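Reading through the structure tokens given below for one structure.
The values are calculated or read from the model by the stated rules, or taken from the named source; none is laboratory data. Because the structure is a prediction, the values reported are computed rather than measured. Glycine gets a Cβ as well: all are built from the backbone with ideal geometry, and neighbour counts include every protein chain shown. These area figures cover heavy atoms from the full protein model, side chains too; ligands, DNA and RNA do not enter into them. Shrake-Rupley method; radii C 1.70, N 1.55, O 1.52, S 1.80 Å.
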Amino acid sequence: DLNTPMVQMLRQANALDPETAKQIIPDHVHPSFGGHLIMASEILKAWYARPVVSSVVLDARAKPRVESAQFAKVSELSDTGGLTWTELDASLPLPFQQWQNMWGGGAPVGLAIRSSEAPVSLNQQILKVRGLKPGAYSLKIDGSSIGAFNDDELSTGINLALLKTPATDQAMKVYQLAISHEEIHFDRWRNIQVPLGEYHLAQTNPATDSLDALDDAVASKMRDAARPVPHHFEIVPISGSPAAAK
């Protein structure tokens, strides 16, 4: 049932931002990217897609320890110079932030996400850090700042899948390769195989064979790009915050 969740999402979106909500299905028939995202999420839910990308809970009190790590491996946990660790997740998050910033995305994508259950039902990449001193902290991944959070936010949990991170950047590259994979196959069929089939041109088969080879190469590259890699995490007190006081 795609209609019920779409209607629910549109009602919520209309309550939050009526003008942007109109762009989710701009012609009242064909959904934009945000609408398609909600439809895809419902299909994946029906296929029992796993809602959790990864879930890591750390205890920063006294000697830091890993309370739990679901669909992730945590190593090299240390509290020297802030809390640091290496994490390898079992899969990649969906690149929600990048989809909002791409051509054809924009505000309607963000509104559709905020107005639906998609982040909970499909894209949970949770990080919880308990036992930090009160104050504000900077979260860095692979040396780049991801954002600033206070101890309460980190203790409650942050959904990293909603942010721009190295993992969502990697996922966006996978998405772009998936689009290229689809477009090569479509162009082969739509622009060569179907319209030129009746003419039996000598060049047709070599052209389609070449596109098939390119399609296979892009698909292979997409699978390689989808393999998760380890990332280095840091949580350090922000200067001037009570957490930075000795």
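Specify the residue that is nearest to the chain's Cα centre (by Cα); the eligible residues are those in the range 24-52 that are of a type in the set (Ser, Thr, Tyr) and surrounded by 15 or more Cβ atoms within 10 Å (Cβ to Cβ). First the steps, then the outcome.
Of the range 24-52, the ones of a type in the set (Ser, Thr, Tyr) are 32, 41, 48.
Next, only the ones that are surrounded by 15 or more Cβ atoms within 10 Å (Cβ to Cβ) stay: 32, 41.
Working: SER32: 18, SER41: 13 Å.
By that ranking, first place goes to SER41.
Which of (1) in a helix (DSSP H, G or I); (2) touching a strand residue (DSSP E or B) at 6+ places or on another chain (Cβ under 6 Å); (3) among the hydrophobic types (A, V, I, L, M, F, W, C) is the odd one out, the single condition VAL53 does not satisfy?
Among (1) in a helix (DSSP H, G or I); (2) touching a strand residue (DSSP E or B) at 6+ places or on another chain (Cβ under 6 Å); (3) among the hydrophobic types (A, V, I, L, M, F, W, C), the lone unmet condition for VAL53 is (1).
Taking the condition touching a Phe, Trp or Tyr at 6+ places or on another chain (Cβ under 8 Å), buried (at least 18 other Cβ atoms within 10 Å of the Cβ) and either among the aliphatic types (A, V, I, L, M) or without any contact (Cβ under 8 Å) to a residue 24 or more places away in the chain (or both), does ILE146 pass?
For ILE146, the condition - touching a Phe, Trp or Tyr at 6+ places or on another chain (Cβ under 8 Å), buried (at least 18 other Cβ atoms within 10 Å of the Cβ) and either among the aliphatic types (A, V, I, L, M) or without any contact (Cβ under 8 Å) to a residue 24 or more places away in the chain (or both) - is not met.
Got at least one residue in the range 209-217 being within 30 Å of GLY131 (Cβ to Cβ), more than 25 Å from the chain's Cα centre (by Cα), open to solvent by 40 Å² or more (accessible area, probe 1.4 Å) and modelled with pLDDT of 95 or more?
First, pick out the residues of the range 209-217 that are within 30 Å of GLY131 (Cβ to Cβ): none.
So far as the range 209-217 goes, no, none of its residues is within 30 Å of GLY131 (Cβ to Cβ), more than 25 Å from the chain's Cα centre (by Cα), open to solvent by 40 Å² or more (accessible area, probe 1.4 Å) and modelled with pLDDT of 95 or more.
Open to solvent by less than 80 Å² (accessible area, probe 1.4 Å), touching a residue at least 12 places away in the same chain (Cβ under 8 Å), assigned to a strand (DSSP E or B) and in contact with a Lys or Arg (Cβ under 7 Å, 6 or more places away or on another chain) - does that describe any residue in the range 59-76?
Within the range 59-76, one or more residues are open to solvent by less than 80 Å² (accessible area, probe 1.4 Å), touching a residue at least 12 places away in the same chain (Cβ under 8 Å), assigned to a strand (DSSP E or B) and in contact with a Lys or Arg (Cβ under 7 Å, 6 or more places away or on another chain).
Considering only the range 223-232, I want to know if a residue exists there that is touching a helix residue (DSSP H, G or I) at 6+ places or on another chain (Cβ under 6 Å) and assigned to a helix (DSSP H, G or I).
yes
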